[in-house]
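The values are calculated or read from the model by the stated rules, or taken from the named source; none is laboratory data. On a predicted model such as this, the values are computed, not experimentally measured, just so you know. Every residue, glycine among them, receives a Cβ derived from its backbone with ideal geometry; neighbour counts consider all protein chains shown. Heavy atoms of the whole protein, side chains included, go into the accessibility calculation; ligands, DNA and RNA do not. Shrake-Rupley method; radii C 1.70, N 1.55, O 1.52, S 1.80 Å.
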Amino acid sequence: MARTLLIFPPTASPTYVPLGIALLCAHVERQLGPGLVPLLDLNIWLWERLAAETAEGCAYLRYLRGQEGDFFDAAEHQCRQEAGRGPARGMAELTAQAQRFLAGAAAGPGLAAFLEEATRQILATRPDRIGFSLLFHTQLPLALALAYHLDGQREILWPTAGTGSAAAGELRLILGGASLSNLEADELLLACPFIDGLVLGEGEEALTALCREATPAVVPGLWQRLPAGDGVVRQRPARPVDLDELPPPDFRQLPLDRYFSPEPVLPAVSSRGCRWRRCRFCAHNFSFGTYRQKRPERFVAELLEQQRRHGARHFYLGDQYIDAADLRRIAEELLRQGADLRWHVMGRPTADFDQPLLDLLAAAGCRWISWGVETGSQRLLDVARKGTAVAETREVLRRTARAGIASLPMMLFGLPGSTDEDLAQTFELLEDVYDGITAMTASAFVLYRDTPFGRRPEKYGLQATEQEVLLHVGERPVHSRRLHHAELAADGSPRPPRGAVEVSLWKQRRRWLGEPGLLDKVCAEHFLLLAGRRPRVAPAGGPELPHPDLPSLPLAS
């Protein structure tokens, strides 16, 4: 058996506990036995190190961990936010140094220190193999810089392996994770001769095979360079796993007391893929294939097991989409088992989210729903195949507020074909529901290759120009699947896309409705903790309950 170290590299949020490596560890060790999959979260280690460089950063870290001050006091939380900008600037500078290093510059002093210290931690685990788990593109520069550095340490890491192992195809340094599905993986592999392989898609089957020291030809989802280095060989994709057969994620190797929150907020998923899977703009389906879900009783038992293990009461559900019927079953199971949890979920605002259901969700601990609203124009919703209706969205947001659940509409400005009239309809919707929402996101439309909009952009009045370059390795670019684009005017001439302009117009208009409150500015885990202070609401038809212990954080005064 081969001992495989899984690393979660910077940069991700310092509040995020990595779910992917915890799931993989639990699965492999159930199959093959304990001790085969050590975990190392270099992201939280680096954030902690950057915060500790100044007295202000140390005080901020103590505050976020609940060791001083009052995390749940809105005014104090607002005042303390400035102190967090120092570590963030340090992380941004290290990422920039890594990008320059990969392009051919010498390592800056900060990056050199990171590489040496991270390597010492890796050596201490004595791994037979190292896998990097990348959930976000922001992790790519530091992950690749560290992989390059480790490639130069192969004789120390694996003294019996000899030299030139990367060229010989030996699988020692591997990249995997969801972000690989949204970039040009063949470009990445060919640009990085210090990487032995990539694993795309679900990783349970691949990691089990690697720990068993299987030959590369039987590792599902594995991509490797051809011996001449001028092409890529790909193994069959991984088979979709039965989620009910997976053990709960194992967070016990991760330092839950060191994340930047006063108590654990753990990620969880009850499904993989998207049940709706029709939105023409969505790139989230690249990571998973067939939609699958866990049985509600199995999923609730998993949450309760994490509560017993770690004292976690707050869970951020990262499912791409859970529909109303499935949420009802989860809520009913939570109540049946007497769970006392607080949780977030993403949803589409459809008519079946009626008041009794939202009251039920609130009673079962739902404290925050991120709604995929996108636009207030029915015409654009239909073009995007969102499957929602503006009138229903308006009512769902009002019902959510009545249930005492925080609403966060996710808006997408500048959808293909958007006009001034469409934008006016979006403004009308937002102004109508503004007093009942807690926060919102305002994003400009992004065109992705292999989405329905990206496959036939001209059909939707778009002209794809070039793909986004994530970084350069030497002189070789590595592209994401994002397409820079122009809009086509009535005469066929290209013009800049409207998305950024519409976002700017909304921000100007929003000032008249009230300045954004604190929850509009905090990270997901802190949002849930703050919103989770609400007590349970009364059943439908019962008296409305006050929320005396929730910080007063309205968007509008």
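Using the Cβ-Cβ distance between Arg3 and Ala74 with R0 set to 41 Å, the FRET efficiency works out to roughly 0.30.
Per-residue Karplus couplings for region 190-197, computed as 6.51 cos²θ - 1.76 cosθ + 1.60 with θ equal to phi - 60°, are listed in order as 6, 7, 10, x, 7, 9, 7, x Hz, Gly and Pro entered as x. Label-to-label distance for Asp491 and Gln121 is 5.9 nm, based on points extended 7 Å past Cα in the beta-carbon direction. Given +1 at the Cβ of Lys and Arg, -1 at the Cβ of Asp and Glu and no other charges, the dipole of region 157-279 around its Cα centre is 260 debye to the nearest 20.
Under conditions of 4 °C and 1.567 mPa s, the chain yields 52 µm² s⁻¹ as its translational diffusion coefficient, taking Rh as the Kirkwood radius over Cα pairs in the Stokes-Einstein equation. Can you grab the distance from the C-alpha centre of region 450-492 to the C-alpha centre of region 46-72, Å, no decimals? If we compute the Cα centre of each part, the gap is 41 Å.
Take Leu36: with every protein chain present and a 1.4 Å probe, its accessible area is about 20 Å².
In order along region 477-489, the phi-based Karplus estimate (6.51 cos²θ - 1.76 cosθ + 1.60, θ = phi - 60°) of 3J(HN,Hα) comes to x, 10, 9, 8, 8, 6, 10, 5, 8, 10, 9, 9, 6 Hz; Gly and Pro are listed as x.
Expressed per residue, the C-alpha convex hull volume of region 72-194 stands at 145 Å³. Taking Lys294, Lys459 and ordering them by how much accessible surface each has at a 1.4 Å probe, largest first, produces Lys459, Lys294. Looking at the chain alone, DSSP beta bridges between its own residues are antiparallel in about 35 percent of cases. Positive-end ranking of Tyr60, Ala83, Leu483 along the dipole of the chain, with charges on Cβ about the Cα centre, is headed by Leu483. Straight-line reach from Lys507: taking Cα to Cα under 25 Å and skipping same-chain neighbours fewer than 8 places apart, the lysines in range are Lys386, Lys521.
Helix-only arithmetic for the chain: the sum of -39500 (n - 2.57) across DSSP H runs with n ≥ 4, divided by the residue total, places the mean residue ellipticity at 222 nm at -11000 deg cm²/dmol. Geometric descriptor of region 186-235, per residue, is 72 Å³ (volume of the convex hull of the Cα atoms). Given +1 at the Cβ of Lys and Arg, -1 at the Cβ of Asp and Glu and no other charges, the dipole of the chain around its Cα centre is 620 debye to the nearest 20.
Note on region 320-410: Kirkwood hydrodynamic radius from all Cα pairs is 13.3 Å, rounded to one decimal.
Put the Cα centre of region 334-386 next to the Cα centre of region 190-214 and the gap is 37 Å. For the pair Val501 and Leu246, the difference between a 0.36 nm per residue extended length and the Cα-Cα distance amounts to 87.2 nm. Near the amide H of His314, within less than 5 Å, lie the amide hydrogens of Leu266, Arg342, all on another chain or at least 5 residues away, with H placed in the peptide plane. Taken along its principal axes, the alpha carbon cloud of region 1-153 reaches lengths of 53, 42, 25 Å, longest axis first.
Ordered by 1.4 Å accessible area with all protein chains kept, Met1, Met440 run largest first as Met1, Met440. A simple rule links phi to the HN-Hα coupling: the Karplus curve 6.51 cos²θ - 1.76 cosθ + 1.60 with θ = phi - 60°, which for region 296-302 gives x, 5, 5, 5, 5, 4, 5 Hz, with x for Gly and Pro. Projecting the Cα atoms of Trp158, Thr215, Ala228 onto the charge dipole of region 137-232 (Cβ charges, centred on the Cα centre) puts Trp158 farthest toward the positive pole. No disulfide-compatible partner, judged by a Cβ distance under 4.7 Å, exists for the following cysteines of the chain: Cys25, Cys58, Cys79, Cys192, Cys211, Cys274, Cys366, Cys523.
Heavy atoms of the protein chains alone define the surface here; on that basis the chain has 41 Å² accessible area per residue at 1.4 Å probe size.
Ranking Leu266, Gln306, Gln320 by Cα position along the charge dipole of region 237-388, where only Lys, Arg, Asp and Glu carry charges on their C-beta atoms, puts Gln320 farthest toward the positive end. Once backbone amide H atoms are built at 1.01 Å from N, Ala406 has Trp368, Ile369 as its partners under 5 Å, excluding neighbours fewer than 5 places away on the same chain. Entry for region 391-507 at q = 0.13, 0.21, 0.23 Å⁻¹: log10 I(q)/I(0) = -0.65, -1.12, -1.22, Debye formula applied to identical alpha-carbon scatterers, no solvent contribution.
Expressed in units of 2.2 N^0.38 Å, where N is the residue count, the Cα radius of gyration of region 24-98 is 1.52.
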